[in-house]
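The values are calculated or read from the model by the stated rules, or taken from the named source; none is laboratory data. A quick note: this is a predicted structure, and the numbers were derived from the prediction, not measured. Cβ coordinates were reconstructed from backbone atoms using ideal geometry, including for glycine residues, and neighbour counts include every protein chain displayed. Accessible surface is based on the protein model in full, side chains and every heavy atom, while ligands, DNA and RNA are left aside. Shrake-Rupley method; radii C 1.70, N 1.55, O 1.52, S 1.80 Å.
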Amino acid sequence: MAINLHQLKIFRTVARSSSFSRAAVELLISQPSVSIQVRELERQVGADLFEQVGKSVRLTEAGRVLDVYAARILALVDEARGAIDELKGLQRGRLLLGATPTPGTYVLPPLLGRFKEQYPGIEIVLQIREGRRIQEMLLGHELDLGVVGGKVSFPDLEASEFLTDELVLVVAPSHRFARLAAVRVADLAGEPFILRERGSGNREVVDEALHQAGVHITPVFELEGAEMVKQAVAANLGISILWRCAIELDVAAGRLRFVPVEGLEMKRAIWLLRRRDHLSRAAQAFLEMIGSPTVKVAATASSSPAG
């Protein structure tokens with residue numbers, strides 16, 4: 001059946017007014033137009049919908065059945081329009097974000113808290129994945145925005161520098177390094193190191209930086225995730241090198257110390273990624289809230305993971 005909403009609206013108006021002429025006046029169209037649309041609707045459903053009673057019309061049995069469904073259909077259309085209007089006003093909707101572990105755990109939560117305060121009706125979905133997967137999900141329209149540490153693999157994405165973070169030496173407050181203003185690169189040799197798992201962005205940067213500095217270390221622990229590493233360092237089982245944003249609260253609380261290493265500087269950009277096509281209204285609002293960087297940079301092809 002090729003029933004359209006216009007026909008259903010005319011049908012219900014006739015049913016409510018019990019008159020083709022009164023329906024025409026209410027709908028601001030001619031009576032012949034009303035009659036034509038009703039006849040076409042009857043042809044589509046294969047049944048008479050009205051019967052004449054004096055100067056009025058009333059619904060047939062088929063008409064009464066259709067009237068129930070027509071009311072539900074038109075109500076759903078009105079509800080859909082209202083939902084879309086609310087979405088435009090950011091009263092409803094979804095914000096789909098993806099992030100690599102460090103920015104997803106330590107950078108985004110405070111920002112998402114602010115966003116939720118401003119737009120409580122928006123559902124926020126944050127997925128933590130490795131960098132390449134985040135970029136694939138963006139290209140596959142599974143995410144609105146991505147936040148990744150490290151290099152960007154796909155030049156089809158638009159990348160803006162979100163912030164710059166640095167790797168710092170982390171020790172327990174009771175460790176001998178904690179009392180020093182700084183240590184030398186050579187002082188790191190022979191120290192028991194607790195490092196992130198192989199394949200993480202953190203581990204890649206640390207290994208490369210220490211290799212270039214000529215320092216060879218053998219980790220006593222290789223742990224998955226910054227939280228496990230921090231717990232082990234706080235227990236003075238070894239020292240580590242972690243992203244500053246991951247340890248700031250622990251340092252402020254006195255659980256950890258970070259110590260500058262002379263001659264060893266390890267920084268990276270954290271990138272805000274988006275597709276070059278249309279953004280959802282919720283994503284636009286998030287970018288407006290954080291003051292999305294205006295300087296755009298070309299993505300750099302790389303197979304290195306981001307973390």
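Among the strands (runs of 3 or more DSSP E) contained in segment 91-154, which hold 2 or more residues that are among the small types (Gly, Ala, Ser)?
93-99, 145-149
Among Glu222, Glu248, Glu208, which is over 30 Å from Leu90 (Cα atoms), among the charged types (D, E, K, R) and assigned to a strand (DSSP E or B)?
Glu222
Do you know which residues across segment 59-101 are surrounded by 13 or more Cβ atoms within 10 Å (Cβ to Cβ) and acidic (Asp, Glu)?
Answer for segment 59-101, where residues must be surrounded by 13 or more Cβ atoms within 10 Å (Cβ to Cβ) and acidic (Asp, Glu): Asp67, Glu86.
Conditions first: (1) assigned to a loop (DSSP other than H, G, I, E, B); (2) under 21 Å from Ala283 (Cβ atoms). Pro173 passes all but one, so which condition is the exception?
(2)
Would you check which residues across segment 1-22 are within 48 Å of the chain's Cα centre (by Cα) and either at pLDDT 95 or above or in a helix (DSSP H, G or I) (or both) and list them?
If the condition is that a residue be within 48 Å of the chain's Cα centre (by Cα) and either at pLDDT 95 or above or in a helix (DSSP H, G or I) (or both), then Leu5, His6, Gln7, Leu8, Lys9, Ile10, Phe11, Arg12, Thr13, Val14, Ala15, Arg16 are the ones that fit.
Is there any pair linking a residue in segment 199-218 that is on the phi < 0 side of the Ramachandran plot to one that is hydroxyl-bearing (Ser, Thr, Tyr) and surrounded by 12 or more Cβ atoms within 10 Å (Cβ to Cβ), with Cβ under 8 Å and at least six apart or on different chains, and which?
Note: pairs meeting the criteria are Gly201/Thr100; Gly201/Thr102; Gly201/Ser304; Asn202/Thr102; Glu204/Ser304.
Condition check ((1) surrounded by fewer than 17 Cβ atoms within 10 Å (Cβ to Cβ); (2) out of contact with any Leu (no Cβ under 6 Å at 6 or more places or on another chain); (3) of a type outside the set (Gly, Ala, Ser)) across all residues:
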{"position": "Gly190", "(1), (2), (3)": "yes, yes, no"}
{"position": "Glu204", "(1), (2), (3)": "no, yes, yes"}
{"position": "Gln212", "(1), (2), (3)": "yes, yes, yes"}
{"position": "His216", "(1), (2), (3)": "yes, yes, yes"}
{"position": "Ser240", "(1), (2), (3)": "no, yes, no"}
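How about segment 188-198: which of its residues are in contact (Cβ under 8 Å) with a residue 40 or more places away in the chain and in a loop (DSSP other than H, G, I, E, B)?
Glu191, Pro192
In segment 260-307, how many are modelled with pLDDT under 90, within 28 Å of Leu242 (Cβ to Cβ), assigned to a strand (DSSP E or B) and open to solvent by 40 Å² or more (accessible area, probe 1.4 Å)?
Qualifying residue count, segment 260-307: 2.
Looking only at residues that are open to solvent by less than 40 Å² (accessible area, probe 1.4 Å) and over 19 Å from the mean Cα position of the chain (by Cα) in segment 151-170, which one is modelled with the lowest pLDDT?
In this case the residue turns out to be Ser153.
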